[in-house]
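Report on one structure; see the data block that follows.
The values are calculated or read from the model by the stated rules, or taken from the named source; none is laboratory data. The structure presented is a predicted model; accordingly, all values stated were derived computationally and were not measured. Positions of Cβ are backbone-derived with ideal geometry, glycine not excepted, and every protein chain shown enters the neighbour counts.
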Amino acid sequence: MEKYKTCFISCILWILLWHSLPVNSEPSAKDIIQAAIDYYRDESSFSVAEMTIHRPDWERTMKMQVWTQGIDKSLVRIIAPKKDKGNGNLVIGDDMWSFTPKINRVIKIPASMAHQGWMGSDFSNNDVAKADDLIEKFTHRILDTQHHDNKILYIIESIPHEDAPVVWGKEIVKVREDFLMIAQEFYDQDNQLVKTLSTSDIKMMSGKLTVATQRMQKVDKPNEWTEFHILEADYGVQIPDRYFTLSHLRNPRR
Amino acid sequence: MNTTFRFAWRNIWRHPRRTILTMIAIGFGCALLVFSIGFQLGQYDLMIANSVKIFEGLIQVQKKGYFEDSKMRSSIPDIQTLTERLRKQTGIMDISPRANGFALVSSETRTYGTMIIGVDPKYEDKVSIIPGLVKEGRYLAQEDANEVVIGKSLAKNMKLSIGDEITLMGNGRDGSIAATILPVVGIFESGSKDLDRNIIEMPLATFQDTFSMEGHGHSIVIYHKDAKLVNELQKTVLQLVEDQETLTALRWDQLQPGLKEAIELDYSSGWFTYIVLVVIIVFSIMNTFLMSVMERTREFGIMLALGYKALNIGKLVMLEACLLTIVAVFIGTLLGVAINYYFYVHGLTLSGMEEIAQMYNMPSTITPQISFESIVIGPLIIFFSTILSALYPALRIRLLQPIEAMRRV
């Protein structure tokens, strides 16, 4: 009897194990998106980046430090130019706070500002704060597979759930088989392309392939764009929990 | 011609009572049209004057393209100097510079995204009535005072009262982060929901300092109380800013296309009523004319038999109609103008409007517009449609056969 029991359990275990293994060589669209975001965010990261806002008659570059933890916590602090030094931005989940040393105040960015540009750029506050929307509020489908640098590139169509509070009609996300997100296209409710996030400059940073340049471009304004360059990045670093608190945003202790 | 004229005049007065009644119908219609068109146009003048006066001004000088896409970068350099120059060259003192921005504004408890307007406290009261509508506290003191005034609804939404501080955060003209903390010194109530809910005003110099404007601004607001001069004024201003190719001058109707559309819509729906009125008048007149022709069938038969041409009889009848209408329209128009003139001098006060008007710093009386347009349009329409309605009976005469006509009872 005992023998049968063990056999039965091992059978079940075997079945479970077998099912959890990838049977199919083609992963599901949702898994790809999830993996891409996990890859991009990692467990934690610290990076130094530059953001360039380009307009027909002027251009401006800000340099910043970025700390991230998991998928829902990030802290940005501007280190140059001098005029903006010390400004900070904290995201926890869907909430975003901004700190300005000029007035020594922390301001919570209200939901009504979600579609305003983040720090005057073409990235909206939502683009910055709600990276995980794509996982939770969209249904994904692989439209096509192409090739990018000799690697498979999955073209994924992501359509928001019917009741999801998302402004987009759909997104087209292009993810490479090594889970690098290569491009993201945002369509409005009428299926018109509104803006694209394109990438270039794939580099090795602390032992991990990283997309170093991202460019957000609105379709109706071809002369205006914002580029985000990652200068250096470190993954899986230990970041104290206190970094992602309002008091640290206001008063960074070294 | 002279005989025909006398003939016609006498014919009109063959039935004095009927003629007078017809004249009263036409005259009354005319007076009514003159009165209502005058009042309607007068009301539009008032609407335009009021909305021009609240905030937008009659004309605004802006950078080309700023109105369509209000970017902080599309600004006018050295705006104070240009404003001063415009004051000198146009001779109009009611000109004031502004700068507009958008910022996150926080009180202790709430945060809203709102418009921030930088104004010149010395001149703002000449181009906008908002400075006069501060219901609590006071308006901005001087050009570089570190303070703001705020719309009543916004103050309520943000739970702000006089003396409280607000925190502003936005982007400066150079893309840098603009932020400041300023106390609220006044709360205004303009009656316009848009303004009361969305606007914070601060002195221009403070605005320029906060938003790194370096002397730039976004619009030069020009006020003039006679909105009819807008086209000439626009031309003058355009010539004056010609040396700065990138600047343009926009009229009130370009700045507030919604108001213009609303007026046009209201005007055309008003015309629907007028047309119904005119049609009623026309039919009653047509009846009179038709009767006067029908009852004279025998008379016309004899005239035809005597060799009078049908065309001439038609002319006679038309002349009768013309004479009658001209006299009636003339009297009616005089009456209408007299009524309008009375109200033009004394004003028409609608009961209950006084309080509301006073609250929002506006005149409480409507005065009709007395202009060539308002006086002439109505009577002209009545005149021509009446003549048109006389055409049918006059043309019928051509169908008459002399013998048959003479035998008619």
(request) Spot the failing condition for A:Gln214; the list is (1) under 30 Å from A:Pro101 (Cβ atoms); (2) surrounded by fewer than 19 Cβ atoms within 10 Å (Cβ to Cβ); (3) out of contact with any Lys or Arg (no Cβ under 6 Å at 6 or more places or on another chain), and only one is missed. (result) (2)
(request) Just need a number here: residues in region A:100-114 that are of a type outside the set (Ser, Thr, Tyr) and closer than 16 Å to B:Thr109 by Cα. (result) 7
(request) Please find, within region B:108-135, the residue that is farthest from the chain's Cα centre (by Cα) out of those that are modelled with pLDDT under 90 and polar (S, T, N, Q). (result) B:Thr109
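Count, please, the residues in region A:79-122 that happen to be β-branched (Val, Ile, Thr) and in contact with a Lys or Arg (Cβ under 6 Å, 6 or more places away or on another chain).
Initial filter on region A:79-122 (β-branched (Val, Ile, Thr)): A:79, A:91-92, A:100, A:103, A:106-107, A:109.
Applying the additional criterion that residues be in contact with a Lys or Arg (Cβ under 6 Å, 6 or more places away or on another chain) yields A:79, A:92, A:106.
The total comes to 3.
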(request) Check whether at least one residue in region A:145-159 is within 13 Å of chain B (Cβ to nearest Cβ), closer than 18 Å to A:Tyr187 by Cα and not hydroxyl-bearing (Ser, Thr, Tyr), and report yes or no. (result) no
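This table checks each residue for (1) over 24 Å from B:Ala405 (Cβ atoms); (2) part of a helix (DSSP H, G or I); (3) among the hydrophobic types (A, V, I, L, M, F, W, C); (4) in contact with a Lys or Arg (Cβ under 9 Å, 6 or more places away or on another chain).
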site	(1), (2), (3), (4)
B:Ser284	yes, yes, no, no
B:Phe289	no, yes, yes, no
B:Ser292	no, yes, no, yes
B:Phe300	no, yes, yes, no
B:Gly314	no, yes, no, yes
B:Met318	no, yes, yes, no
B:Leu324	no, yes, yes, no
B:Val329	yes, yes, yes, no
B:Ile339	yes, yes, yes, no
(request) Check off (1) without any contact (Cβ under 8 Å) to a residue 60 or more places away in the chain; (2) among the hydrophobic types (A, V, I, L, M, F, W, C); (3) surrounded by 21 or more Cβ atoms within 10 Å (Cβ to Cβ) for B:Ile162 and give me the number that stays unchecked. (result) (3)
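On the basis of being surrounded by fewer than 19 Cβ atoms within 10 Å (Cβ to Cβ) and not polar (S, T, N, Q), does A:Val91 make the cut?
no
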(request) State whether the residues of region B:190-209 include one that is on the phi > 0 side of the Ramachandran plot, within 36 Å of the chain's Cα centre (by Cα) and surrounded by fewer than 19 Cβ atoms within 10 Å (Cβ to Cβ). (result) yes
(message) Test of understanding: among B:Ile281, B:Ile285, B:Ile313, which residue is surrounded by 13 or more Cβ atoms within 10 Å (Cβ to Cβ), touching a Gly at 6+ places or on another chain (Cβ under 6 Å) and within 18 Å of B:Ser389 (Cα to Cα)?
(response) B:Ile281
(request) Go through the residues of region A:16-28 one by one and say whether even a single one is at pLDDT 85 or above and buried (at least 17 other Cβ atoms within 10 Å of the Cβ). (result) no
(request) Among the numbered conditions (1) touching a residue at least 12 places away in the same chain (Cβ under 8 Å); (2) among the basic types (Lys, Arg); (3) surrounded by fewer than 18 Cβ atoms within 10 Å (Cβ to Cβ), tell me where B:Lys63 comes up short. (result) (3)
(request) Please indicate, with yes or no, whether at least one residue in region B:363-372 is assigned to a helix (DSSP H, G or I), closer than 29 Å to B:Met23 by Cβ and modelled with pLDDT of 85 or more. (result) yes
(request) Report, by residue number, each residue of region A:70-87 that is more than 17 Å from A:Glu232 (Cα to Cα), away from every other protein chain (no Cβ under 14 Å) and either without any contact (Cβ under 8 Å) to a residue 12 or more places away in the chain or surrounded by 15 or more Cβ atoms within 10 Å (Cβ to Cβ) (or both). (result) A:Ile71, A:Asp72, A:Lys73
(message) Tell me whether region B:136-153 contains one or more residues that are out of contact with any Leu (no Cβ under 9 Å at 6 or more places or on another chain), aliphatic (A, V, I, L, M), surrounded by 18 or more Cβ atoms within 10 Å (Cβ to Cβ) and under 20 Å from B:Ala205 (Cβ atoms).
(response) yes
(request) Please work out which one of (1) touching a His at 6+ places or on another chain (Cβ under 6 Å); (2) surrounded by 13 or more Cβ atoms within 10 Å (Cβ to Cβ); (3) not β-branched (Val, Ile, Thr) is the condition A:Phe228 fails and give its number. (result) (1)
(message) Quick check on my filter: what residues within region A:27-69 are farther than 20 Å from A:Val173 by Cβ and more than 14 Å from chain B (Cβ to nearest Cβ)?
(response) A:Glu43, A:Ser44, A:Ser45, A:Phe46, A:Ser47, A:Val48, A:Ala49, A:Gln65, A:Val66, A:Trp67, A:Gln69
(request) Quick one: B:Pro379 ticks every box in (1) over 23 Å from B:Ser36 (Cα atoms); (2) crowded, with 21+ Cβ neighbours inside 10 Å except a single one, so which number is it? (result) (1)
(request) Return yes or no: is A:Phe138 of a type outside the set (A, V, I, L, M), within 14 Å of chain B (Cβ to nearest Cβ) and crowded, with 16+ Cβ neighbours inside 10 Å? (result) no
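Show me the helices (runs of 4 or more DSSP H) found entirely inside region B:144-261 where at least 2 residues are within 14 Å of chain A (Cβ to nearest Cβ). Walk me through it before giving the result.
Details: elements: B:152-157, B:193-198, B:204-210, B:230-240, B:252-255.
The helices (runs of 4 or more DSSP H) meeting that bar are B:152-157, B:193-198, B:204-210.
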